[in-house]
Amino acid sequence: MSDVLVVGGGIVGLLGALELTRRGRKVTILDAPVPYPPASWAGGGILSPLYAWRYSDAMNRLSVDAFSRYQQILDECVAAEIPGCNAVLHGGGLWVKTAGEDAVRAHQWAERWRVPVRAMSAGNLMPGATVGAGFLFPSLGNIRNPSLLKILRTYLQKLEVRFELAEVNQVLPSVYGGRVVATDGRQWQSDTVVISAGHAAAELLSSMKTGLPLFPAKGEMLLYRMKPDKVPAVMLTERGYMIPRQDGSVLVGSTLRKGDNTTYPTVAGRYQLERLAAGLWPELASSTPAFHWAGVRPGCKRDIPFIGPVPGTHGIFAAVGHYRNGLVSAPASAELLAQLITGEQPFIDPEPYSLSLASPPSRSSSSFFNR
Ligand SMILES: Cc1cc2nc3c(=O)[nH]c(=O)nc-3n(C[C@H](O)[C@H](O)[C@H](O)COP(=O)(O)OP(=O)(O)OC[C@H]3O[C@@H](n4cnc5c(N)ncnc54)[C@H](O)[C@@H]3O)c2cc1C
């Protein structure tokens with residue numbers, strides 16, 4: 001029997017399992033054999049919230065050191081001889097189009113969180129880019145998330161974390177911990193259960209009446225195959241972004257449809273993204289995208305995730321609602337989650353992330369849950 005059952009093997013579940021394993025816990029990850037990839041695969045991997053200065057301190061605390069946290073995790077994987085770790089983290093920085101009052105706030109944010117910053121036009125950074133004035137944050141970057149997921153799974157298997165292909169349809173609280181039931185009838189029991197099932201977590205938590213304001217939010221992306229180093233940094237504007245990978249691929253994203261949990265790419269999405277691509281870098285207007293895909297973000301009506309015990313249960317925890325920032329915030333979220341489970345002193349104040357801060361379900365929504 002495992003000490004901890006983790007429901008959901010996206011970035012939040014995988015890094016949660018890693019942190020718990022480091023603390024001597026035996027972990028089993030129950031992950032649905034869905035025919036489509038999770039958000040953690042579909043996402044862009046920018047290691048900063050988009051316009052970070054527009055977010056709360058609580059979000060910035062989870063994200064500001066993401067690059068070095070991933071560097072450490074990858075170093076650990078290299079030491080464990082996990083293949084493919086070299087071309088995963090991409091430095092080069094994050095360039096953001098900003099001006100006026102927003103630029104002042106960006107500068108104050110950089111000073112406050114000690115992030116190096118330089119004023120620079122897009123054209124000076126990248127010949128051919130036409131999107132105007134902004135700031136370069138040279139210490140930020142992006143991570144190639146599909147490769148990262150593969151590396152983490154291999155590493156966790158080496159650390160004897162068990163993986164079970166199982167679509168969980170119920171998490172039933174018991175006196176200590178909970179019982180996890182899969183759609184094929186298999187069941188698992190443990191003192192500690194973690195729900196980290198991305199946008200599907202809302203359904204699993206609904207019987208516990210947490211009232212968390214969660215929703216699915218579909219996003220689409222395009223990938224262009226270009227020559228390496230043409231795009232030196234992540235290029236972010238209000239309308240969207242370009243993300244360079246080490247092999248020259250350039251990702252352009254993203255669309256956002258709240259309430260949509262479908263996972264197929266659309267003609268409308270492609271049209272929107274191709275126009276965006278041409279506006280960011282005219283060279284893309286004459287290129288054909290090599291891939292087009294969609295993913296479903298675990299949306300949340302506030303700008304930080306919920307991390308901690310599920311109120312009214314003993315030993316059931318959730319790490320949910322990472323929305324647009326799950327890749328950047330997962331390493332810190334996972335550390336906090338593991339500290340709350342093991343009773344260690346958390347590295348940050350856990351209060352802002354507490355599930356008890358969610359408003360309790362209204363009379364009408366609880367009668368909905370009871371139907
Ligand atoms: C287009 C797009 C671009 C993005 N760009 C960025 C970015 O640049 N930077 C950033 O930080 N974030 C980005 N994100 C957001 C980020 O991808 C998500 O916040 C993050 O991946 C959420 O991780 P998660 O582990 O909570 O959920 P997921 O990655 O969705 O993982 C959930 C896991 O749970 C499993 N599961 C679901 N239901 C069940 C069930 N019933 N039983 C068992 N298992 C189940 C799934 O199979 C999956 O493995 C982007 C997202 C999208 C879609």
* Asked: Near Val4, within a Cβ-to-Cβ distance under 12 Å, what is the net charge of the other residues, with Lys and Arg +1 and Asp and Glu -1?
  -> +1
* Asked: So how strong a dipole does segment 229-274 carry about its Cα centre when Lys and Arg Cβ are +1 and Asp and Glu Cβ are -1, to the nearest 20 debye?
  -> 120
* Determine Rg/Rh for segment 224-371; Rg is computed over alpha-carbon atoms and Rh is the Kirkwood hydrodynamic estimate from the same atoms. => 1.09
* To do: May I ask you to list the trypsin sites (Lys or Arg not before Pro) in segment 236-287 that are in a DSSP loop and have at most 13 other Cβ atoms within 10 Å of their Cβ?
  => Arg239
* **25 °C / 0.890 mPa s Stokes-Einstein diffusion coefficient of the chain, Kirkwood radius on C-alpha pairs, µm²/s** => 116
* Computed [θ] at 222 nm, deg cm²/dmol, the chain (DSSP H ≥ 4; -39,500 (n - 2.57); rounded to nearest 500) -> -9000 deg cm²/dmol
* To do: With only alpha-carbon atoms counted, please give the Rg and Dmax of segment 62-103, in Å.
  => 15.1, 48
* To do: Would you be so kind as to identify which of Val34, Leu62, Gly10 lies farthest towards the positive end of the dipole of segment 1-118, taking Lys and Arg as +1 and Asp and Glu as -1 on Cβ and the Cα centre as origin?
  => Leu62
* Dipole magnitude (debye, nearest 20) for the chain, charges at Cβ of Lys, Arg, Asp, Glu -> 620
* What Rg and what Dmax come out for segment 240-299 when only alpha-carbon atoms are used, in angstroms? -> 12.1, 34
* Asked: Mind listing the phi-derived Karplus ³J(HN,Hα) values for segment 86-98, rounded to whole Hz, using 6.51, -1.76 and 1.60 with θ = phi - 60°, and x for any glycine or proline?
  -> 6, 9, 9, 8, 10, x, x, x, 10, 9, 10, 6, 7
* Label zone at Arg179, where the point sits 7 Å out along the Cα-to-Cβ direction: segment 1-21 residues whose backbone N lies under 19 Å -> 1-7
* Alpha-carbon Debye profile of segment 224-268, log10 I(q)/I(0) at 0.17, 0.27 Å⁻¹ -> -0.60, -0.95
* **Dipole in debye (nearest 20) - segment 1-55, about Cα centre, beta carbon charges: Lys, Arg +1; Asp, Glu -1** => 180
* In whole Hz, what ³J(HN,Hα) sequence does segment 10-18 give by Karplus (6.51, -1.76, 1.60; θ = phi - 60°), x for Gly and Pro? -> x, 4, 5, x, 5, 6, x, 4, 4
* Taking all pairs of different Cα atoms in segment 1-113, averaging 1/r and flipping that mean, what Kirkwood radius in angstroms comes out? -> 16.9
* What list of whole percents do you get for P(r) of segment 78-128, with Cα-Cα distances grouped in 10 Å bins up to the one holding the largest distance? -> 19, 36, 23, 18, 5
* Square roots of five times the Cα gyration tensor eigenvalues for segment 187-247, Å -> 39, 16, 10
* Asked: Beyond 20 Å, what percent of the Cα pairs of segment 80-161 remain?
  -> 51
* Rounded Å value of the spacing that divides the Cα centres of segment 238-294 and segment 1-51 -> 26
* Write down the Kirkwood hydrodynamic radius of segment 267-311, to one decimal in angstroms, obtained as one divided by the mean of 1/r over all alpha carbon pairs. => 13.8
* Asked: Among all stretches of the chain without exposed GluC sites (Glu not before Pro) (DSSP loop, at most 12 other Cβ atoms within 10 Å), which one is longest?
  -> 239-343
* Asked: If you plug each phi of segment 320-331 into the Karplus form 6.51 cos²θ - 1.76 cosθ + 1.60 with θ = phi - 60°, what whole-Hz ³J(HN,Hα) values come out, in order, with x for Gly and Pro?
  -> 9, x, 6, 6, 8, 10, x, 6, 5, 9, 4, x
* Between segment 82-122 and segment 175-230, what is the C-alpha centre distance in whole Å? -> 30
* Roll a 1.4 angstrom probe over the protein heavy atoms and tell me the percent of accessible area of the chain that is carbon or sulfur. => 52
* Cα extents of segment 78-228 along the three principal axes, largest first (Å) -> 59, 41, 31
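The values are calculated or read from the model by the stated rules, or taken from the named source; none is laboratory data. Treat the numbers as computed from the prediction; the structure is a model and nothing was measured. Backbone-built Cβ (ideal geometry, glycine too); neighbour counts: all protein chains shown. The area values use the complete protein model at the heavy-atom level, side chains included, leaving out ligands, DNA and RNA. Shrake-Rupley method; radii C 1.70, N 1.55, O 1.52, S 1.80 Å.
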